[in-house]
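Quick note: the coordinates plus some simple rules give every number you see, no bench work behind them. Note that the structure is predicted; figures quoted are calculated from it, not measured. Here the Cβ positions follow ideal geometry from the backbone for every residue, glycine too, while neighbour counts run over all protein chains shown.
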Amino acid sequence: MPPARKRTRTYDPVKTRAAVLAQFAHVRDGVRDLDEERLARASGLGDWSVRELAAHITTALENVSRNLDLPEPAIREVVLLDWPFATAGRAADIADGTRRLAADHPDLDALYARTGERYAERLATAPDGRLLATLPRAPGSDRAAGAPTGAMTLADYLVTRTVELVVHTDDLNRAAGTDIPFDRQALATCTRLLADALAVKAPGASTEVRIPPYAVVQCVEGPRHTRGTPPNVVETDPLTWIRLATGRVDWRTALDEAKVGASGERADLASLLPLMG
């Protein structure tokens, strides 16, 4: 008998919309409290400053608004789990656009206000099934940001916005010493999408990856586990998982710092991480 096909995870569009807005509001509150000394610090992301990182975070929403301003693509070409693997290769273009965005908008709170207002206006009348491009022109760029990966639904694209917001909230907290909270729904959605991406990258059922309280996935080819405790288990917390999946921390460091528990001969995920560039 062939193995059962894994069911694709679904996300409640209403909850996703609320989570994106909630996390953006948390970040805006945190950025508002940053003084010039902290804004000038290194972000840990290339040569960006904290100011440039803070400006970049607004593009998580602005890319939605910009795409909703464009004509709707004719057909859906991308599903949600394609997205994590389609983000590499744009770093240079994103970096250039971000530096220009930060320079053009020294008043970060005004930038956040304008971005939030545009987003709310455009989202108010946009149905979940509305198609839009997934990789728009980078902010401030005079050229296309690489070949687009195709069109996806608004509902799916908003799920990816939780990844952008949660990942960069964590970046900001570590670089600027802030304590910006994570919206629970945004953190859960981000964690689950990246966990499912691992299962796509390494299909199988020999290893169970546990990220309580949000996700459990099976992956990696090998003997299929059917009952009892799996022979290969990886367990970690949501933020550590997100840092591993996005290259903020490497596998060996997470193990050495006891941020990850791994048991079994197929529990070494070093060769599979990071998932996103």
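Protection proxy ranking, highest mean first, for peptides 26-32, 252-258, 56-62: 56-62, 26-32, 252-258, where packing is the per-residue count of other beta-carbon atoms within 10 Å, averaged. Extending 7 Å from Cα along the Cβ direction at D109 and again at R7 yields two label points whose distance is 4.7 nm. Taking D196, D104, D237 in turn, the Gaussian network model of the chain (Cα-Cα springs below 10 Å) assigns the largest fluctuation to D104.
Other residues with beta-carbon under 10 Å from the beta-carbon of L108 carry, at +1 per Lys or Arg and -1 per Asp or Glu, a net charge of +1. Taking label points 7 Å from Cα along the Cα-to-Cβ direction, L81 and A120 give a separation of 3.6 nm. Computed from point charges on the beta carbon alone (+1 for Lys and Arg, -1 for Asp and Glu), the dipole magnitude for the chain about its Cα centre is near 940 Debye. The distance between label points at D250 and R224 comes to 3.6 nm (points 7 Å beyond Cα on the Cα→Cβ vector).
The calculated Kirkwood hydrodynamic radius for segment 28-70 is 11.4 Å, given to one decimal from all distinct C-alpha pairs.
The angle between the Cα long axis of helix 59-69 and the longest principal axis of the Cα atoms of the chain comes to about 70 degrees, rounded to the nearest 10.
Determine, at each q value in 0.11, 0.23 (inverse angstroms), the log₁₀ of I(q)/I(0) that the Debye formula gives when each Cα of segment 1-124 is one equal point scatterer. Listed by q, the Debye log ratios stand at -0.50, -1.49. By the helix-only formula, in which each DSSP H run with n ≥ 4 contributes -39500 (n - 2.57) and the sum is divided by residues, the chain has a 222 nm mean residue ellipticity of -14500 deg cm²/dmol.
Placing unit charges on each Cβ (+1 for Lys and Arg, -1 for Asp and Glu) gives the chain a dipole about its Cα centre, and among H26, G129, A86 the Cα reaching farthest toward its positive end belongs to G129. P(r) tail for segment 169-209: Cα pairs beyond 12 Å make up 67% of the total. Compute the FRET efficiency between K201 and A18 as 1/(1 + (r/R0)^6), taking r as their Cβ-Cβ distance and R0 = 41 Å, and round to the nearest 0.05. The value I calculate is 0.90. At full extension, L272 and D128 could sit 48.6 nm farther apart than now, given 0.36 nm per residue minus the alpha carbon distance.
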